[in-house]
Each structure stands twice: as C-alpha cells, then as structure tokens.
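The values are calculated or read from the model by the stated rules, or taken from the named source; none is laboratory data. It should be emphasised that the depicted structure is a prediction, and the values quoted were computed from it without experimental measurement. A quick note on method: Cβ atoms are made from the backbone with ideal geometry, for glycine too, and the neighbour counts reach across all protein chains shown.
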Amino acid sequence: MEAGQEHEDDLAQIAIVSSPGLPKMMGSLHPAGSLYEKPVNLRLAVEQHHALRRLLSSHGIKVYDVHDILLKDTERSVSARVALEKLAARCLTYQFSTDVDRARLDDSERSFIADSYKEKVLEVMAPEQLADIVKTNPVVTIEPSGRDTGFTASYAFKPLTNLMFTRDQQVTTRRGIVMARLRSEQRRREVDVMQFCFEKLKLKIIGRIPENAFLEGGDFFPAGDDLCFIGIGLRSNLEAVHYMLEHDLFGTRRVAVVKDMLDQSQDRMHLDCVFNIIGRKTVLMLADIIGSQSPIRRMVDEYARESEQDAYRLVRRDVEFGAYVEDQGFEIIPLSLADQMAYGCNVLNLGASHIVSVCSSAARKIVADDRFTGNVEYLDFSQCTAMYGAAHCATQIVYRSRVPPISLDHEH
C-alpha cells in the first residue's frame, strides 16, 4: 500500500489506531506512573475509542487496529504465524531468581529459561495470547520449588500503556513513514511494534531515528509540497530534525522548525497541543503563545533548499511563530488556554476541512469563525484524554489522497 501525506487538509485514506485493552488496564492501576493525566474508566475509554473508529470508517477511511494487524493472517499463513511468534519471543523474558545458584542446577533445570523452551511455549499459544505478550512484555522469574513441577514462578510486566496514541511512534511525510524514537523509556518498544505492523501491511518505511536523537509524531504537520512543520522542545529535538534533513526524509523544499524553548510544559508537550492545520490556509493556535511578548512564545527556524539535489541550509532564524505562519499565508483562529487544556487544538482533520474535535467549546468557536469554511464533528473522548491525548494523538494517518474532493454544488 502507499504511504505518505502532502498536506494535513488532504483526504485521509488510511488510518492506524490502537484500541485500549489489557495494557491500558494495567496502566490505569497507577495513572501517573503510566504517563496519564488522571484516573481512567477503561470501559468508557474503549467505548469512546470505538466511536472514533466508527466515525473514521463512516467517512470512507480504511482503519487498521494494531491488535488486528498483529493477528492478521496468523490462522492461515505459517509465515505470519511464525513472524508473530518471533516478535512475541523478543517481548517475553525468562530468568532465574537472583537467589538461585545456577552452578548447582543441572542442564535439565537450566533448560527452563532457554530459548528452546520459550519457542515450545509460544508455538502452541493462540494468536491472541501472542499479541498480549507483545503488548505487555512479561518477565517470568522462576526458582526451584522442590515439589510439584519443580519450579515456582513470579511475573512482572512492562505493558505498552500508551500504544493507543499511534500518532507518536512515527511521522508520515511526503516521502513515507519515518519511525521515531520516543523520549520516555517506557514507550520505546512501541516503535518496534508499529514497525512490525507497517511492514506486515507493506507500507513504505523510509527511515528510523537513530539512538542520539528523539522524534515524536505529535510534533509534525505536513503543509503542502513546499512546506512542513516540525516542533522541538520537550519531546522531539534538533538532532532528529538534522537527521531527517540530511537523509531527505521530509520531502518538502522548506522545513519550519518550531522551537519550544521557553515553555516545555507537559500540558503542551507536542506541537499538536498548541497548533493544528484545519484548512488549506487556516490553522488553530493557542492564543497565549502568539506574539513576540508572550513568555511562552515559539520561535521558528526555517531550512530550505533550491532543488532536491541540494542540501538544506538555515535561511531564517528565530521568527515568532504566529508571524511566521501568517507570512506563509495562513489565517490563525486563536483558542484560549482553557480550550487548549481541554485538547481544543488536538483536532483531527479528515481532509477538506472536515474536523473531529473532542472539545465542544473549541468546536463552537471554530465553526463561528468566518475564516473556517468546513465542518466540525464533536466526539466525547474524555476517558481517552485522561491519558494525555485526543483525536489527533490517537490516529496515525499513513496515507492522504492529493486528489481534491468532488463538489456537487455546481452540478446542473
């Protein structure tokens, strides 16, 4: 399948999501330790996420869920089955208790933490069990018991508690998919799972951010064949931007690097928390970051090249974000801090200015503004936003069609 997007306002065709399940249940046991904003009602979160999936599908968008991708073809294809077993094997750890003197164990006892034993265990599991292993990363610690089967086991898990936010593990540029590198240690494994899914779907992956850099998908916006935006600050950094520039992973003539040097708040961790593109030339922006006198203003460095054969070079430095956006011909609809904190900026553009919003107040302000000519659908996402993300965070659009929508308004 094709992968790539040129403009945030192009028509979304393929979306990757991840329904909340067992890892979310584990994460809800201690919200702060799982990077959540507040306690979560998992049943409601599941219902709200399913409503998002139904909404996307109702607009003709092909929606793939990570869990379904993991299971895809495993009942009929040995290759798919073995690939999932190998992924599960990397996510499952066997070890002896630190109290065990391994020198006193015989070969048959030591075999119970061997890869060969793990392979036998995984080979008979149902695909759903394998998928749960991938998403929970179990660590099984055993020690001899002297009775029954001869061993006793204890269990620990490192669940992918934030996998639902499929925006972050990658960015989709004009060129294709770039696998990211997440700042939080507990989220690093998500990138491997998503890469497995993309490769299984045969979606084009064009690169992966190296060890010395950080990139998260909530910091990226495509704005046409000429320009894209990438935020740096609390999560993504300049090293990742330089890597993408040097390897031509953006695919645009110009790249606007939006620098958050003065704020770096968890409530505004990504660019999509304070900014969004809701039309060909219309954007949302948190009012509090606009202007050269704002204490939490963003500044833009622009990199450009003359042709695809040329290297990017820095051509503009430290331009105030609001001024830069207006200079590109965009009109700004400002949103209040209260709306921003309610994820008013974190809308999802399905294309042609058809917007999904989880903040009713912001939705009303958008449709009341003459600069917006599209449509807004409101979605109750309160139990998902409790986990620090909204509609934009919970979807990765991996393909947008550049073909404009057909209008029936002027048919005779």
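Taken over the stretch 90-109, the residue count meeting the criterion of being surrounded by fewer than 17 Cβ atoms within 10 Å (Cβ to Cβ) and under 12 Å from Leu122 (Cβ atoms) is 1. Taken over the stretch 83-138, the criterion of being in a strand (DSSP E or B) and either closer than 26 Å to Val191 by Cβ or polar (S, T, N, Q) (or both) is satisfied by Thr93, Tyr94, Gln95, Pro138. Restricting attention to the stretch 14-36, the residues being surrounded by fewer than 19 Cβ atoms within 10 Å (Cβ to Cβ) and under 17 Å from the mean Cα position of the chain (by Cα) number 2.
Only one entry in Ser292, Ser236, Ser307 is in contact with a helix residue (DSSP H, G or I) (Cβ under 7 Å, 6 or more places away or on another chain), part of a loop (DSSP other than H, G, I, E, B) and either surrounded by fewer than 18 Cβ atoms within 10 Å (Cβ to Cβ) or modelled with pLDDT of 95 or more (or both), namely Ser236. Looking across the stretch 74-85, just one residue is free of Cβ contacts under 8 Å to residues at least 40 places away in the same chain and surrounded by 13 or more Cβ atoms within 10 Å (Cβ to Cβ), and that is Val82. A search for C-beta distances below 6 Å between a residue of the stretch 352-374 that is under 21 Å from Met387 (Cα atoms) and any residue that is in a helix (DSSP H, G or I) and of a type in the set (Asp, Glu), counting only pairs 6+ apart in sequence or on different chains, returns Cys359/Asp339; Ser361/Asp339; Ala362/Asp339. Only residues that are surrounded by 24 or more Cβ atoms within 10 Å (Cβ to Cβ) and in contact with a Cys (Cβ under 8 Å, 6 or more places away or on another chain) were counted in the stretch 167-188, giving 3. Exactly one residue among Tyr343, Tyr378 is closer than 17 Å to Val274 by Cβ, in the same structural domain as Leu284 (by TED's automatic domain parsing) and not charged (D, E, K, R), and that residue is Tyr343.
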